[in-house]
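Written below as structure tokens is the structure these notes are about.
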Amino acid sequence: MLMCSVLLVLFDGLSAPWQNELDQQIIIKLRLPLVITACLVGAALSISSASLQVLLHNPLADPGIIGITSGASLCAALFLLLGGGLAPNILQYLLPLSCFIGAIISTILIFSVARRLAANHASVILAGIAISTISGAVVAWLHFFSDAQSMRNLTFWLMGSLHQADWPILFFAAPLLGGLIAYLMKQGRALNWYYFGQNSAQLAGLDVHKFQNKMLLVCALSVGAAVSLAGSIAFVGLLVPHLLRNFFGYDNRFILPASAILGACLLLWVELATRWFMGISLPVSMITASLGGPIFLYSVARLGKKRH
Amino acid sequence: MVKFEKLSVTGRLNAVSGHVDKGDFIHVLGTNGAGKSSLLSAIAGLLELDSGLVLLNGLSIVDYSLPQLASFRCFQEQQQSSAFALTVSEVLYFFSECYDLPDDLEDALELTNLMHKPLNQLSGGEARRVHIARTLLQVWPAIKLGQAIILLDEPTQGLDFKHQHLLFSLLARLSDSGSAVVVNHHDLNLCQQYANKIWLLQQGQIVKTMGSLQSISNDDLSHIFSCGIRFAIDEAGNKIFQTYLE
């Protein structure tokens with residue numbers, strides 16, 4: 001399924017890519033980076049959310065709920081508004097970096113606030129909501145004081161796009177994200193022990209403090225890197241693991257890799273859908289939220305029917 | 001198998017010491033807040049101690065790696081819940097890697113008909129049976145070798161009479177085959193019927209250790225439980241207890 005989607009996005013609309021040099025340039029310079037970005041971002045957002053939901057004992061958890069996305073968005077907003085005078089080619093490379101730094105800073109803040117509250121998953125969510133609210137408020141103020149062009153750039157970036165990344169950025173981001181996704185894929189067995197909380201995981205033989213810290217850090221880095229590549233993309237993290245659990249059960253040894261694959265496919269399908277039906281490139285979040293909302297509703301209704 | 005010395009946790013355990021031998025089926029009795037759950041949790045290595053030492057098979061519990069510990073010591077906590085609608089078979093598989101219950105467990109816990117139901121749709125007693133199965137399955141190889149340490153915090157909570165007896169009969173068989181079993185609950189008659197050692201706990205200390213309730217006076221029991229306790233003697237000479245408000 002993933003391979004078909006990749007091939008469709010790569011070769012769609014090109015008549016003879018193995019003969020035509022222009023087609024080859026389109027594939028190498030435009031479509032291959034787009035495909036890699038979509039796969040890495042979709043996989044990272046979905047697998048991080050699937051992990052966070054079990055880790056934080058909250059089926060509604062996604063990178064937004066623990067404040068990582070909004071921390072990254074705040075730094076990006078600050079950079080877009082304050083660095084408006086920079087040359088576009090410099091801006092293009094520094095924006096993802098500022099985003100990633102924002103994700104790291106918000107993660108450190110969430111950890112330190114959570115540690116002061118109490119060392120459990122509820123405190124991480126509370127700290128995340130607080131950081132998220134503060135970041136959202138600052139972004140709103142920045143919106144208010146920005147000029148029209150900066151506001152447009154910021155709004156477009158906040159809605160997410162798969163077309164921002166190019167080869168130099170992917171050269172750094174792809175190995176990092178690939179490594180983080182591979183690490184998360186291997187944590188299924190330990191996460192299965194987490195379904196009944198920290199104590200039950202510890203009794204089953206897991207060093208929960210070390211595991212939890214490592215997992216939160218890896219999820220934060222994955223989300224930070226994903227947001228740096230494609231901006232803020234809504235709903236993918238919430239939708240994909242729910243859909244999979246609904247049909248295939250709760251074994252994380254399957255759910256984590258499957259989330260990564262379906263997340264990647266989903267963003268590729270969004271790209272194809274916009275290309276086929278709109279003929280233009282739209283912000284990804286607009287599509288993921290528009291399609292994801294009804295699918296999520298169906299998934300919740302199906303789960304409700306199964307339970308009764 | 002287990003020796004613990006001067007375990008203290010502020011407000012919960014008060015320099016409590018004791019030991020559990022191979023083949024013991026110990027019942028821990030005491031009022032709410034006497035420290036029963038805390039004591040089991042401390043022996044399991046889950047509770048952070050202010051001071052004291054827990055030795056398992058002669059080695060300090062902190063010297064074991066967590067996977068090592070999980071291979072022969074199990075502990076079922078009183079409260080178990082999940083935010084996810086896992087089925088019974090998933091719960092058992094995740095913690096034991098096996099889909100089929102051993103016959104001994106199935107005979108006592110009768111879970112076959114529940115296997116495909118979500119845990120959050122089961123009654124309290126049924127869910128309790130699933131958690132007991134999951135807990136025992138975790139150390140099943142050690143149980144087979146008669147080397148397991150089984151700690152269950154109020155395992156009879158929510159169970160009907162039949163399953164209370166089925167469970168305690170199973171635990172008695174496991175202790176007979178060499179494993180050590182420690183349970184806490186509030187039923188003097190079950191205690192009288194199945195225990196081969198009893199700890200009475202008061203204010204975070206074991207105030208009395210005995211082989212059966214035959215050897216303790218009613219006044220002492222009433223004092224410990226702050227409740228009236230009387231008994232009758234059945235044909236076999238065993239006490240049958242009744243409690244009442246004084």
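Read-outs: derived from the displayed coordinates by stated rules, not from any lab. Since the model is a prediction, treat every value here as computed from it, not as a measurement. Don't worry about glycine lacking a Cβ; one is built from the backbone with ideal geometry, like all the others, and counts go over all protein chains shown.
Based on every Cα atom in segment A:35-190, Rg and the maximum pairwise Cα distance Dmax equal 16.4, 51 Å. Among A:VAL240, A:VAL208, A:VAL223, whose mean-square fluctuation peaks in a Gaussian network model of chain A (Cα, cutoff 10 Å)? Of A:VAL240, A:VAL208, A:VAL223, the most mobile in the Gaussian network model is A:VAL208.
Shielding of peptide A:239-251 by partners, expressed as the average count of other chain Cβ atoms within 10 Å per residue Cβ, is 2. The calculated FRET efficiency for the pair A:HIS209 and A:GLN19, based on their C-beta separation and a Förster distance of 45 Å, comes to about 0.15. With the alpha-carbon atoms of chain B aligned to their principal axes, the span from lowest to highest coordinate is 49, 44, 35 Å, starting with the largest.
Helices meeting the span-like rule in chain B (full DSSP H runs, Cα extent of at least 20 Å along the helix axis, mean Kyte-Doolittle score of -1.0 or higher): B:124-138, B:161-176. Shown in residue order for segment A:245-254 are the 3J(HN,Hα) couplings computed by the Karplus curve 6.51 cos²θ - 1.76 cosθ + 1.60 at θ = phi - 60°: 5, 4, 9, 10, x, 10, 6, 5, 5, 9 Hz (x for Gly and Pro).
Rounded, prolate or oblate: pick one for segment A:250-306, where a ≥ b ≥ c are the square roots of the eigenvalues of its C-alpha gyration tensor, a/c under 1.5 means rounded, and failing that, prolate if a/b is larger than b/c, else oblate. It comes out oblate by the Cα gyration axes. The three principal axes of the Cα atoms in the protein assembly as shown give end-to-end lengths of 97, 44, 42 Å, sorted in falling order. Amide H contacts for A:GLY231 (H built 1.01 Å from N in the peptide plane; partners 5 or more residues away or on another chain; cut-off under 5 Å): A:SER161. Whole-Hz Karplus values for segment B:200-210 come out as 9, 10, 8, 6, x, 9, 7, 8, 7, 10, 8 Hz, taken residue by residue from phi with 6.51 cos²θ - 1.76 cosθ + 1.60 and θ = phi - 60°; glycine and proline positions read x.
When the alpha carbon gyration tensor of segment A:25-84 is reduced to an equivalent ellipsoid, its three semi-axes come out at 27, 21, 5 angstrom, largest first. Note on segment A:169-308: along the principal axes its Cα atoms extend 55, 48, 19 Å, ordered by decreasing extent.
Computed across chain A, the Kirkwood radius stands at 19.9 Å (inverse of mean 1/r, all Cα pairs). Whole Å is fine, so just give me how far the alpha carbon centre of segment B:64-108 lies from that of segment B:136-173. What the calculation gives is 12 Å, centre to centre. Stokes-Einstein diffusion for segment A:101-183 at 37 °C, viscosity 0.692 mPa s, with a Kirkwood radius from C-alpha pairs, works out to 211 µm²/s. Among A:ILE47, A:ILE105, A:ILE26, the largest mean-square fluctuation in a Gaussian network model of chain A (Cα springs under 10 Å) belongs to A:ILE26. P(r) tail, segment B:46-155: Cα-Cα pairs separated by more than 20 Å, 44% of all pairs. Arranged from fewest to most other beta-carbon atoms within 10 Å of their beta carbon, A:ARG116, B:ARG73 become A:ARG116, B:ARG73. Label-to-label distance, B:ASN218 versus B:ASP100, with points set 7 angstrom from Cα along the beta-carbon direction: 5.2 nm. A full extension of the chain between A:TYR183 and A:SER290 corresponds to an added length of 35.4 nm, given 0.36 nm per residue minus the alpha carbon distance.
Classified by the C-alpha gyration tensor, segment A:195-244 has an oblate form. Its axis ratio a/c, with a ≥ b ≥ c, is 1.5 or above, and a/b does not exceed b/c. Only helices enter this figure: runs of n ≥ 4 DSSP H residues, each worth -39500 (n - 2.57), summed and divided by the residues of the protein assembly as shown, yield -18000 deg cm²/dmol at 222 nm to the nearest 500.
Cα to Cα, under 26 Å, and not fewer than 8 places away if on the same chain: which lysines meet these conditions relative to B:LYS239? B:LYS239 reaches B:LYS36, B:LYS162, B:LYS197, B:LYS208.
Here the spin labels are modelled as points 7 Å beyond Cα on the Cα-Cβ line, and at B:GLN242 and A:ALA87 they lie 9.7 nm apart. The B:CYS227 and A:PHE254 beta-carbon pair, evaluated with R₀ = 60 Å, returns a calculated FRET efficiency of approximately 0.70.
Note on segment B:112-246: the alpha carbon radius of gyration divided by the globular reference 2.2 N^0.38 Å gives 1.18.
In plain terms, the residue of A:SER51, B:SER38, A:SER150, B:SER81 with the fewest other Cβ atoms within 10 Å comes first and the most crowded comes last, giving B:SER81, A:SER150, B:SER38, A:SER51.
Karplus-based coupling profile of segment B:238-243, in residue order and whole Hz: 8, 7, 10, 8, 9, 10, with θ = phi - 60° in 6.51 cos²θ - 1.76 cosθ + 1.60 and x standing for Gly or Pro.
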